[in-house]
Amino acid sequence: MPAALSVRVSPRESVMANGRPGPEPRLLLARVSEERLRDAVAGSRSWRGVLQALDLKSSSFGPKLRNACNELGIDYSHFRSILATDARLREVITSSADWPAALAKLGYAKGSGTARATVRKHCNRLGIETTHLAAGPPRPPVHLAVANLVPKQEHLRHAGPYLVLFALNAAGTPATLAPEGAAYDVLADFGSDGVKRIQVKTGTMKDRGSWLCRLSHSVYDRNGHGGHRAAAYSAEEIDFFACVDGDFRLYLIPIGVVEGMLSVSLRKYEAYRVRGLYDDRLW
């Protein structure tokens, strides 16, 4: 009688797999060695961390890696996970004030909606109340730097047209910004007097105690300095100048009063000052 043949089977092979001869299913993923898995588990606090360490994008690899760890005897008891005990889940949920904090303690990403749904399902199973958990941590109160919310002369040029709009609309005179490229900045409806074109100018320089305001605009002149020169507005172009001085006081001066002038000292036009904008309020 012939001697029996001895067949050596490798630890990773079996003569039967799924009822048929062949190797056992692969325990680890092709690109994940046992050494890499051990290092990833030792250096992580959750399965999510293991996936990141191994550069695996899909969470479906998590159960496969856990099974591999069970087979290879790789310890992952240091993971923060609701899989530890139901008592741990109860402790974390009852002692937390919001979902991000609870999820972080359980080893999940703070903002994960999937993790929140999973934890909520386990809580419902165990009868753990979650209604006290806020959606996010309480935000600190916002304190505006009120002291800095004061008008500044360096911003006057940009704010000028809006100050004029405010003054006119607050007084019941409908006004709007002019179309781009127009010779004026604001259009205002003065009722029976018609719609008026208003050019806004600002002045932040003083001469002998009075605010100065330039009324000119630049026009092309090849003989002028830099190819331009200052020119005065005419009644064909605008109806009013709205001048805002460095104290944020508004003057509404008809073009007929200053036509042809390139600049004015606003102290001389006190009669045209609009009361109640920032000074001597009427209300």
Could you give the length gained by full extension between residue 204 and residue 72, i.e. 0.36 nm per residue of separation minus their alpha carbon distance, to one decimal place? 39.5 nm
Using a Förster distance of 22 angstrom, determine the FRET efficiency expected from the C-beta separation of residue 59 and residue 97, and round it to 0.05. 0.20
Nearest-5 percent of antiparallel DSSP beta bridges in the range 135-251? 75
Three principal axis lengths of the range 213-273 [C-alpha, angstrom, descending]: 39, 26, 15
What ranking do 117-129, 247-259 get when scored by the average of other Cβ atoms within 10 Å per residue, highest first? 247-259, 117-129
Using a cut-off of 26 Å between alpha-carbon atoms, which lysines can reach residue 206, once sequence neighbours fewer than 8 places away in the same chain are excluded? 152, 268
Mind checking the per residue accessible area of the range 186-283 for me, 1.4 Å probe, whole number of Å²? 57
Taking only protein heavy atoms and a 1.4 Å probe, what accessible area per residue, in Å², does the range 24-75 have with all protein chains in place? 63
Can you list residues whose amide H is under 5 Å from residue 190's amide H, if they're 5+ apart or on another chain and H is modeled 1.01 Å from N? 195, 196
The percentage of the accessible area of the range 115-236 (probe 1.4 Å, all protein chains present) made up of carbon and sulfur atoms, to the nearest whole number, is 54
Over what distance in Å are the Cα centres of the range 163-203 and the range 96-134 separated? 57
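The values are calculated or read from the model by the stated rules, or taken from the named source; none is laboratory data. Worth saying up front: this structure is predicted, and the values here are computed from it rather than measured. As a convention, Cβ positions derive from the backbone with ideal geometry for all residues, glycine included, and neighbour counts pool all protein chains shown. Just so you know, the surface numbers come from the protein's heavy atoms only, side chains and all, with ligands and any DNA or RNA stripped out. Shrake-Rupley method; radii C 1.70, N 1.55, O 1.52, S 1.80 Å.
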